[in-house]
Amino acid sequence: MTKLNPQRQKLVIVGNGMVSHRLCLRLVESGALQTYDVIVLGEEPRRAYDRVHLTDFFKTRSVDPLYLCDDDWYRDNNITLHTGTAVVSIDRETRVVHSSDGIARSYDRLVLATGSAPFVPRIENDDVEGVFVYRTIEDLEAIIEHASRASSAAVLGGGLLGLEAAKAALDLGLNTSVVELADRLMPTQLDAEGGAVLRRKIEELGIRVYPGERTAACLGETTLSGLLFASGEVLNTDMLIISAGIRPRDELARSAGLNVGERGGIVVDDTMATSDPNIYAVGEVASFDGRCFGLVAPCYAMVDVLVGQLAAGEDSRFSANTPPTALKLLGVEVGAFGDCFARGDHTDTAKAVGGIFPGQPPKREKTAMDTAALFANKTKIALAANVLLRAKTHGRLTAGKLLRLESGVCGPWHDGRRGPCGRRQ
Ligand SMILES: Cc1cc2nc3c(=O)[nH]c(=O)nc-3n(C[C@H](O)[C@H](O)[C@H](O)COP(=O)(O)OP(=O)(O)OC[C@H]3O[C@@H](n4cnc5c(N)ncnc54)[C@H](O)[C@@H]3O)c2cc1C
């Protein structure tokens, strides 16, 4: 058990997700533990794991390969970790947090790294058995258990995570459908042409796609038997996996009177400070310039800024560049380079799904990798191509990865490299 020294500063971190773990790692590396006694309070029943690779759990059925550090890493580094402990309120006057274990803990500095929760749209009768979200190990355990008694699944949401969930459902041997409110898959990344190509590729995998459908109600008395769309159509299904976006978990900050963004998230400045100078927010829950970030790379960039501020005495600042990001997708390679929605000149904008260029019929089918090579000599996306090559070197961009690069801006790349504690970081 770590002995707390009252002379030192107390740094309390709320949440033990990927960003909280990265923060602890960087605090250790920076020598900040000489100044701070660090306590981490995490609501989930286990220590931090790699949520980016959560879907691997379907294959391995074990959390072990996903853990971001060994069991004793926190203790060995003099960090006190309490799992299964939710912080329920913050008293900013007395600088105390109250948690579900009934203990009040004081802080000098508080960091909120509470992440996001799945967004669940309003659907009538959605409390029947067989309706799931897709965020934690417990969610996946529940999906696996129900799938053993099911033959079909529908995924609500045709975005990146929805398609990842659909692939998982397919791999579980379920007859799988994807229901998307917009008129095409991946509407944030792809235009109509790109979306149509992607739909064809996904249907070739045996997944049915229902674009432009709003799910109005779940059918079934106690257990799900189907979905009723607003159009009046019915889709028979034994289970529903909702993957319709995320919402920042800012409830703690709201009740403590911290400023929150119009669209949610805890408002931070470019040093990651909230409206209370003793409280910081990092990760998916932080709202910078009116925007929350749902990808791990910008969240890790926030950690570097905060550690610079807290430990190194640096005047480090966060900027909202969109870094290149890799996500995983169904054995279909999708590359989006430059501004996907730009018109006209294709020299600084290229789009490719399985190598198809909207507006420029290809002479032959190309892979996303070929596409990058083709554009590697164009200055505006040279950086993008470099990242692709790096990804290839690391063996990360295989079939099943989606690469999305915007505006040729490069930032940190989450390539699954091993961290100092011998785990993925
Ligand atoms: C299936 C899936 C695939 C993904 N794939 C990719 C990908 O390929 N690339 C990518 O960049 N990103 C991906 N992401 C997103 C990535 O996982 C997140 O950006 C990242 O996990 C954010 O980390 P975080 O620590 O901010 O939030 P979280 O990981 O959500 O961690 C927050 C933690 O805080 C806890 N918490 C909340 N409130 C409290 C409280 N009051 N008290 C105590 N604890 C609390 C939560 O229980 C949670 O454990 C994926 C996400 C999912 C779900």
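The values are calculated or read from the model by the stated rules, or taken from the named source; none is laboratory data. Computed from a predicted model, the values in this text were never measured in an experiment. Counting neighbours? That spans all protein chains shown, and the Cβs are built from the backbone with ideal geometry, glycine included.
In the range 178-198, is there at least one residue being closer than 30 Å to ASN16 by Cβ and within 16 Å of the ligand (Cβ to nearest atom)?
yes
Of all residues being in contact with a strand residue (DSSP E or B) (Cβ under 6 Å, 6 or more places away or on another chain) and of a type outside the set (Ser, Thr, Tyr) in the range 9-26, which is farthest from the ligand (Cβ to nearest atom)? Just the residue, please.
Applying the filter and picking the extreme gives GLN9.
Answer yes if at least one residue in the range 199-210 is aromatic (Phe, Trp, Tyr) and within 15 Å of the ligand (Cβ to nearest atom), and no otherwise.
No, every residue in the range 199-210 fails to be aromatic (Phe, Trp, Tyr) and within 15 Å of the ligand (Cβ to nearest atom).
Please work out if GLY265 is without any contact (Cβ under 8 Å) to a residue 12 or more places away in the chain, out of contact with any Gly (no Cβ under 7 Å at 6 or more places or on another chain) and either more than 30 Å from LEU140 (Cβ to Cβ) or not β-branched (Val, Ile, Thr) (or both).
no
Can you tell me which residue within the range 276-301, out of those that are more than 9 Å from the ligand (Cβ to nearest atom) and among the aliphatic types (A, V, I, L, M), is nearest to VAL96 (Cα to Cα)?
ILE279
Are there any pairs, at least 6 apart or on different chains, whose C-beta atoms fall under 6 Å, with the first in the range 139-160 and touching a residue at least 60 places away in the same chain (Cβ under 8 Å) and on the phi > 0 side of the Ramachandran plot and the second part of a loop (DSSP other than H, G, I, E, B) and within 14 Å of the ligand (Cβ to nearest atom), and if so, which?
Close Cβ pairs (under 6 Å, with a partner that is part of a loop (DSSP other than H, G, I, E, B) and within 14 Å of the ligand (Cβ to nearest atom)) amount to GLY157/SER243; GLY157/ALA244.
Based on what the data block shows, is VAL267 outside the structural domain of LEU161 (by TED's automatic domain parsing) and touching a helix residue (DSSP H, G or I) at 6+ places or on another chain (Cβ under 6 Å)?
Judged against the criteria, VAL267 is not a match.
Of the numbered conditions (1) away from the ligand (no atom under 14 Å from the Cβ); (2) in a helix (DSSP H, G or I); (3) modelled with pLDDT under 95, VAL52 satisfies every one except a single condition; which is it?
(1)
Among the candidates ARG47, ARG61, ARG95, single out the residue that is surrounded by 14 or more Cβ atoms within 10 Å (Cβ to Cβ), more than 14 Å from GLY15 (Cβ to Cβ), more than 9 Å from the ligand (Cβ to nearest atom) and among the basic types (Lys, Arg).
When all the criteria are applied, what remains is ARG95.
For the range 158-190, how many residues are assigned to a helix (DSSP H, G or I) and either under 15 Å from the mean Cα position of the chain (by Cα) or not assigned by TED's automatic domain parsing to the domain that holds ARG208 (or both)?
Residues that pass the stated criteria total 6.
Here is a yes/no grid of residues against (1) in contact with a Lys or Arg (Cβ under 6 Å, 6 or more places away or on another chain); (2) surrounded by fewer than 20 Cβ atoms within 10 Å (Cβ to Cβ):
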| site | (1), (2) |
| --- | --- |
| ALA153 | no, no |
| GLY162 | no, no |
| LEU174 | no, no |
| SER177 | yes, no |
| LEU185 | yes, no |
| ARG199 | no, no |
| LEU205 | no, yes |
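In the range 98-118, what count of residues is obtained for those that are among the aromatic types (Phe, Trp, Tyr) and surrounded by fewer than 14 Cβ atoms within 10 Å (Cβ to Cβ)?
Residues in the range 98-118 being among the aromatic types (Phe, Trp, Tyr) and surrounded by fewer than 14 Cβ atoms within 10 Å (Cβ to Cβ): 0 in total.
How many of the residues making up the range 210-230 are farther than 24 Å from ILE144 by Cβ, crowded, with 16+ Cβ neighbours inside 10 Å and under 26 Å from the mean Cα position of the chain (by Cα)?
Number satisfying all stated conditions: 3.
Looking at the range 98-132 only, could you name the residues that are within 9 Å of the ligand (Cβ to nearest atom), farther than 13 Å from ILE279 by Cβ and assigned to a strand (DSSP E or B)?
The answer is SER99, SER116, ALA117, PRO118.
Please verify whether ALA169 is crowded, with 20+ Cβ neighbours inside 10 Å and within 30 Å of ILE90 (Cα to Cα), treating the condition exactly as stated.
So ALA169 does not fit the description; no.
Does VAL197 qualify as being assigned to a strand (DSSP E or B) and touching a Gly at 6+ places or on another chain (Cβ under 8 Å)?
Taking the combined requirement at face value, the residue does not satisfy it.
Name the residue that is farthest from the chain's Cα centre (by Cα), counting only residues in the range 231-250 that are within 16 Å of the ligand (Cβ to nearest atom), farther than 21 Å from LEU163 by Cβ and not acidic (Asp, Glu).
If we take residues in the range 231-250 being within 16 Å of the ligand (Cβ to nearest atom), farther than 21 Å from LEU163 by Cβ and not acidic (Asp, Glu), then ARG249 is farthest from the chain's Cα centre (by Cα).
Please list, ordered by residue number, the strands (runs of 3 or more DSSP E) wholly in the range 208-256 having 3 or more residues that are closer than 30 Å to ILE13 by Cβ.
Output list reads 246-248.
Being within 15 Å of the ligand (Cβ to nearest atom) and either assigned to a loop (DSSP other than H, G, I, E, B) or of a type in the set (S, T, N, Q) (or both) is the filter here; which residues of the range 65-91 pass it?
LEU68, CYS69, THR80, THR83, GLY84, THR85, ALA86, SER89 - these are the residues of the range 65-91 that are within 15 Å of the ligand (Cβ to nearest atom) and either assigned to a loop (DSSP other than H, G, I, E, B) or of a type in the set (S, T, N, Q) (or both).
Tell me, which residue of the range 29-44 that is in contact with a helix residue (DSSP H, G or I) (Cβ under 9 Å, 6 or more places away or on another chain) and β-branched (Val, Ile, Thr) is farthest from ALA301 (Cα to Cα)?
Checking each candidate, the answer is THR35.
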